[in-house]
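Take a look at the structure set out below.
The values are calculated or read from the model by the stated rules, or taken from the named source; none is laboratory data. Everything quoted here is computed from the prediction, not taken from an experiment. For neighbour counting, all protein chains shown are included, and Cβ atoms are generated from backbone atoms with ideal geometry for every residue, glycine included. Side chains included, ligands, DNA and RNA excluded: accessible areas come from the protein's heavy atoms. Shrake-Rupley method; radii C 1.70, N 1.55, O 1.52, S 1.80 Å.
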Amino acid sequence: MKLVGIAGSIADQSYNRTLLNFIAKHFTGLIDVDVLDINEVPMFNQDDDQTNSPVIQNLCKKITAADGVIIATPEHNHTVPVALKNVIEWLSYEVHPFDGKPVMIVGASYHTQGSSRAQLHLRQILEAPGVNAVVLPGNEFLLGDVKTAFDENGDLKDQRTVDFLQTTLQNFIKFAKVINLISQSNGYQDEDLSAKKGTDTTIQGIDMNDDDWLDKAAKKVNAVEGGTYVKLDSGLLTVDQLNYFLKTMPVELTYVDENNQFIYYNKVGEAKDMLAKRVPAQVGDALDKVHPNIERVMKHVKQVIYDLRSGKTDLVSMPVPGGDKDHHVMHYYKAMHDENDNCKGVNEWAVDLKPIVDQYLQQTGQKLVPDPDAKMDATSGASKAESEPAVDANSGASESVDEPAVKPEVKVDATSSASKN
């Protein structure tokens with residue numbers, strides 16, 4: 001189970017960070033713990049929103065992608081340290097990675113009570129509206145007299161304490177699995193496909209659903225075109241050259257930004273000839289305008305975007321079965337990130353695999369035959385009769401698959417002496 005750890009102290013010598021590091025090192029067979037650094041988090045000020053700063057975005061992404069969070073808090077004046085409260089303020093203002101996230105609280109202090117009051121207060125904070133964490137009930141781990149609790153290697157000396165900590169962690173693992181199972185079924189529902197929020201690259205003042213959005217938006221920002229050069233990270237091309245290059249790609253490409261606004265596709269042909277029937281008038285539209293307004297379709301679009309944005313997966317593949325034995329169209333969706341690893345949208349490419357497979361078979365002297373032992377897999381395009389049909393998140397196409405799963409059979413090639421399996 002993948003967890004992140006947050007120590008509530010930013011002191012150079014932090015026993016609570018030592019405790020988290022011990023957990024990460026000693027219980028590697030149970031959990032994988034990434035101890036996060038909060039030292040550079042700015043002071044919370046809603047008049048100076050730092051939500052998009054690399055440090056806040058990194059914390060948000062790591063917590064969102066984790067299966068759970070362990071927070072180790074000291075006790076300052078019967079409550080949590082200001083540094084920890086400050087982090088929670090940022091992560092419950094414009095972003096909400098704790099929402100529905102399983103959290104386990106531990107704590108260490110100089111005195112015998114082991115941060116008990118701070119832990120109680122932290123539970124109240126984490127369950128507040130806007131934070132909405134799901135805190136493990138009971139199972140309090142209170143490490144007192146912490147100055148003498150660790151040896152020179154940062155390991156807990158008392159075996160009974162280690163055993164109790166392990167029991168608590170095992171209970172948290174069970175708890176987190178149940179909470180995540182519930183959350184996975186509905187976490188995507190808050191994904192906004194209307195692109196209302198905007199980002200630092202959103203062009204303001206132009207109706208995004210205007211059929212002439214491309215021309216109007218380009219004029220507003222004085223976008224370059226034609227023979228003007230564009231410096232890329234690994235090349236120098238004119239705008240014309242970039243268009244030639246992208247329009248001759250052997251796949252259809254789409255760019256959807258982090259605001260869920262459809263801002264580009266490579267026009268490889270007329271809409272009627274394309275795998276995904278896109279038209280220039282759609283450029284600039286919010287995703288809820290690009291897709292059919294059908295609840296089932298919107299649900300799957302949200303699931304794809306949410307899984308990519310949250311870091312649950314970096315790639316989603318989706319077949320678009322159409323009942324045509326001459327085509328096998330696949331759509332792939334990949335999360336895009338900037339240099340600070342912040343999600344900057346989704347790159348989609350659509351490709352017909354049938355010609356590629358046919359060419360491979362022809363060149364290798366193989367053929368496809370039905371596999372009588374194959375089990376239908378909804379994720380690869382073949383769905384069981386009782387399963388929900390596979391859905392194309394771009395076009396909303398949905399259809400059951402009748403073609404059997406196939407496997408290669410080697411064909412003898414007299415010129416190369418290739419033998420059958």
Which listed residue is open to solvent by 60 Å² or more (accessible area, probe 1.4 Å) and either farther than 17 Å from Met104 by Cα or part of a loop (DSSP other than H, G, I, E, B) (or both), from Lys62, Lys85, Lys25: Lys25
Long-range neighbours under 6 Å by Cβ, at least six apart or interchain, first residue touching a residue at least 60 places away in the same chain (Cβ under 8 Å) within segment 216-228, second among the β-branched types (Val, Ile, Thr): Ala217/Ile203; Ala217/Ile206
Residues (hydrophobic (A, V, I, L, M, F, W, C) and surrounded by fewer than 13 Cβ atoms within 10 Å (Cβ to Cβ)) located in segment 28-53: Met43
Positions within segment 231-279 being touching an Asp or Glu at 6+ places or on another chain (Cβ under 7 Å) and either in a helix (DSSP H, G or I) or outside the structural domain of Met318 (by the TED database) (or both), in sequence order: Val239
Failed condition for Tyr15, given (1) in contact with a Pro (Cβ under 8 Å, 6 or more places away or on another chain); (2) hydroxyl-bearing (Ser, Thr, Tyr); (3) within 27 Å of Thr199 (Cβ to Cβ): (3)
Odd one out for Asp163, checked against (1) open to solvent by 50 Å² or more (accessible area, probe 1.4 Å); (2) not in a helix (DSSP H, G or I): (2)
Matching entry among Asp326, Asp314, Asp273 (being under 18 Å from Glu191 (Cα atoms), surrounded by fewer than 18 Cβ atoms within 10 Å (Cβ to Cβ) and without any contact (Cβ under 8 Å) to a residue 40 or more places away in the chain): Asp314
Residue list for segment 242-279, filter: among the polar types (S, T, N, Q) and either at pLDDT 95 or above or closer than 30 Å to Asp192 by Cα (or both): Thr254, Asn259, Asn260, Gln261, Asn266
Number of positions in segment 246-270 that are surrounded by 16 or more Cβ atoms within 10 Å (Cβ to Cβ) and of a type in the set (D, E, K, R): 4
Meets criteria (at pLDDT 90 or above, assigned by the TED database to the domain that holds Gln261 and either exposed (fewer than 11 other Cβ atoms within 10 Å of the Cβ) or in a helix (DSSP H, G or I) (or both)) for Asn171: no
Neighbours by Cβ (under 7 Å, 6+ apart or cross-chain): first from segment 139-160, in the same structural domain as Lys25 (by the TED database); second surrounded by fewer than 10 Cβ atoms within 10 Å (Cβ to Cβ): Gly144/Thr112; Asp145/Thr112; Lys157/Asp151
In segment 2-21, the residues that are among the hydrophobic types (A, V, I, L, M, F, W, C) and in a loop (DSSP other than H, G, I, E, B): Ile10, Ala11
Qualifying positions in segment 85-108 - touching a Phe, Trp or Tyr at 6+ places or on another chain (Cβ under 8 Å), closer than 27 Å to Gln13 by Cα and of a type outside the set (A, V, I, L, M, F, W, C): Asn86, Glu89, Gly107
Filtered residues of segment 115-160 (kept if closer than 18 Å to Phe175 by Cα and either in contact with a His (Cβ under 9 Å, 6 or more places away or on another chain) or surrounded by 13 or more Cβ atoms within 10 Å (Cβ to Cβ) (or both)): Arg123, Leu126, Glu127, Asn132, Ala133, Val134, Val135, Leu136, Asn139, Glu140, Phe141
